[in-house]
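Okay, structure first, notes after.
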Amino acid sequence: MKPAGIAFAIAAVVAIAIDGWMSEALTGHPLQVWIWASNAAIFLALGLQIRKLRRDKRSAERGMMRFTREAVSLYSLQGLQTDMNEAQERLTGYARHEAHGATYLLWFPTDMRATAQAAFALAVEGRPQHFDAVCVRKDGARVDVEVSYVPVLSGSRIVGVYGILKDISETKRNQELLQQSDKLAVVGELAAGIAHEIRNPLTSLRGFVQLAHEQKPSAYTEIMLSELDRIHVIASELLLLGKPQALDVTDKNVATLLESILTLVNTQAILHNVEIAFEREPDTEGIAVRCEETKMKQVFLNVLKNAVEAMPNGGVVTIRLERTGGDVHIRISDQGIGIPREELTRLGQAFYTTKENGTGLGLMISYNIIEQHGGRMTIESEESVGTTVDIRLPIAD
Ligand code: ADP
Ligand code: MG
């Protein structure tokens, strides 16, 4: 029993004893009624005071739950939900009345329930618990959360458990982003390193083949020479891509840029039975854009790679160069699998990929680069028909 309760009980016993003694001494005396009445008043006042104290304490707890930004549920010792705050409703998607009486396992996927059960059991014994988990919202969406189970004490007794969920999806995404960009930088460096190593022996190899060809010209040495030149071009491209961003922009001929990227992509295209056609309008001759060459090449490479990858059974990729007013349009169309309408809005989001080995970064980076150059990139697509990426850039004067 609590101290207030004990005081109340003692007061009651004393009052009854006094009453007993007085009622004998004062039987029939008019004062007896007064004493009874004043005793009753004292009891009533004491009782009300104790109730108020209890209510204050409970409303302080509720206030904490209501006003904290954390998503909090209150559970009975049996693990059934007795209350939850608005933040919890928002995070889980369940309304208070829907979750009332449900177990604390409600929003955990099956494979995480054992962990939650173990943690809850320890919290019931008075040991607060924290663990990372996934919360499956009512609409089925999954949110990364940090879960805390904290015992609720009344005096020294444990009367329930607070379950607190903290949304950590943002933190997780940032961590992944950091890891991914690290990975990209490492891959770029690696590619550049290898390309550099290849170019040196290549130069001497080419020199000797050239010599052999001059001494005894043959169809074989001629093929060898042209293939060696191809390796040289590819290695140079890789070197450029891996370079840390050179910051200066220069006027670059668009057609030349595209042609140099074609050399790179063609290898992959041939493997996939894909043909790349390059169509240009006569008035696009000599058109240049003010750009950072490496970055612009990165965009064309990303988009062309996507086009080739969208056609697992081969087909044609068409690159069209057009001019409208002060802009040049580079339209890259494929006859590939296309993109479902509802997925179109997700293009350009980091890590959105439908490929087993995809990074989901190509389009995001491309959108960024085109924007940095004062241009616009739009994507149109129809499922099983194909996709067209339209890149519009201001022509350099
Ligand atoms: P990744 O190629 O690594 O998956 P991207 O950012 O380049 O990343 O592309 C993201 C996603 O967009 C792809 O996984 C694919 O689902 C879709 N996509 C992009 N281009 C095309 C295309 N030409 N045809 C069909 N789907 C495409
Ligand atoms: Mg891609």
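Tabulated data
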item	result
Selection count, the stretch 269-279, where residues are at negative phi and either surrounded by fewer than 17 Cβ atoms within 10 Å (Cβ to Cβ) or not assigned by TED's automatic domain parsing to the domain that holds residue 378 (or both)	7
Strands (runs of 3 or more DSSP E) enclosed by the stretch 37-140 - at least 3 residues per element that are at negative phi and of a type in the set (A, V, I, L, M)	71-75, 129-136
Verdict on residue 289 being assigned to a helix (DSSP H, G or I) and either modelled with pLDDT under 90 or assigned by TED's automatic domain parsing to the domain that holds residue 386 (or both)	no
Filter result for the condition that a residue is within 10 Å of ligand 1 (Cβ to nearest atom) and either assigned to a helix (DSSP H, G or I) or surrounded by fewer than 20 Cβ atoms within 10 Å (Cβ to Cβ) (or both), over 266, 368, 306	306
So residue 350, is it farther than 21 Å from residue 254 by Cβ, within 12 Å of ligand 1 (Cβ to nearest atom) and among the aliphatic types (A, V, I, L, M)	yes
In the stretch 325-369, the residues that are away from ligand 2 (no atom under 15 Å from the Cβ), touching a residue at least 24 places away in the same chain (Cβ under 8 Å) and within 26 Å of residue 396 (Cβ to Cβ)	326, 327, 328, 329, 330, 331, 333
Conditions (1) under 27 Å from the mean Cα position of the chain (by Cα); (2) not in a strand (DSSP E or B): number failed by residue 381	(2)
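Every residue, every condition in (1) out of contact with any Lys or Arg (no Cβ under 8 Å at 6 or more places or on another chain); (2) more than 27 Å from residue 63 (Cβ to Cβ); (3) modelled with pLDDT under 85, yes or no:
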site	(1), (2), (3)
151	no, no, no
173	yes, yes, yes
184	yes, yes, yes
200	yes, yes, no
209	yes, yes, no
215	yes, yes, no
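The values are calculated or read from the model by the stated rules, or taken from the named source; none is laboratory data. This one's a predicted model, so the numbers in the text were calculated from it and none came from an experiment. Heads up, the Cβs are rebuilt from the backbone with ideal geometry, glycines too, and the neighbour counts pull from every protein chain shown.
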